[in-house]
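Notes follow the structure.
The values are calculated or read from the model by the stated rules, or taken from the named source; none is laboratory data. All values derive from a computational prediction rather than experimental measurement. So basically every Cβ, Gly included, is an ideal-geometry build from the backbone, and we count neighbours across all protein chains shown. The protein model used for the area step is the full one, side chains on, heavy atoms only, and it has no ligands, DNA or RNA in it. Shrake-Rupley method; radii C 1.70, N 1.55, O 1.52, S 1.80 Å.
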Amino acid sequence: AFDKNGVKVLLDFERGEGGKVSVMATCKSSLSEVLDPFTCKFAVPGHLELSVAPPSGSSLAGHGGAVTQSLTLSRKLHASGKPLKLRLMVEYRRGGRTVQEVAEFASFPTDL
């Protein structure tokens, strides 16, 4: 879903009951330093509802460190058939500067 400047966000999907989609977001770093603070925020368009659990941590360790976060997406009643879309914003401090990146993901598996 996102891969830039040594930070990667991977998304794993699972179909849930009632048309809900469970998403596990895994944020990883290939950098040598710790990114602290580190946050990954999510948003969806108005035809979807989003529930977000707290992240597993607030800093991202270097050399393969990971932070995970689970999400649940569902379509509102009037939105059946509309596509799933997810926007994510990654924000962290590196080298004394705040880095903020935004990405959109719409390549959900067709069976969701």
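Data overview
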{"item": "Pairs, first free of Cβ contacts under 8 Å to residues at least 40 places away in the same chain in the range 93-112, second open to solvent by 60 Å² or more (accessible area, probe 1.4 Å), C-beta under 7 Å, six or more apart", "result": "102/87; 104/85; 104/87; 106/83; 106/85"}
{"item": "Identity of the residue in the range 90-112, open to solvent by 30 Å² or more (accessible area, probe 1.4 Å) and touching a Leu at 6+ places or on another chain (Cβ under 8 Å), that ends up farthest from residue 23 (Cα to Cα)", "result": "94"}
{"item": "Residue within the range 42-61 that is part of a strand (DSSP E or B), at negative phi and open to solvent by 80 Å² or more (accessible area, probe 1.4 Å) present", "result": "yes"}
{"item": "Pick from the range 18-41, criterion open to solvent by 40 Å² or more (accessible area, probe 1.4 Å) and within 11 Å of residue 72 (Cα to Cα), ranking: nearest to the chain's Cα centre (by Cα)", "result": "24"}
{"item": "Hits in the range 66-84 (condition: at pLDDT below 95, open to solvent by 40 Å² or more (accessible area, probe 1.4 Å) and over 14 Å from residue 51 (Cα atoms))", "result": "77, 78, 80, 81, 82, 83"}
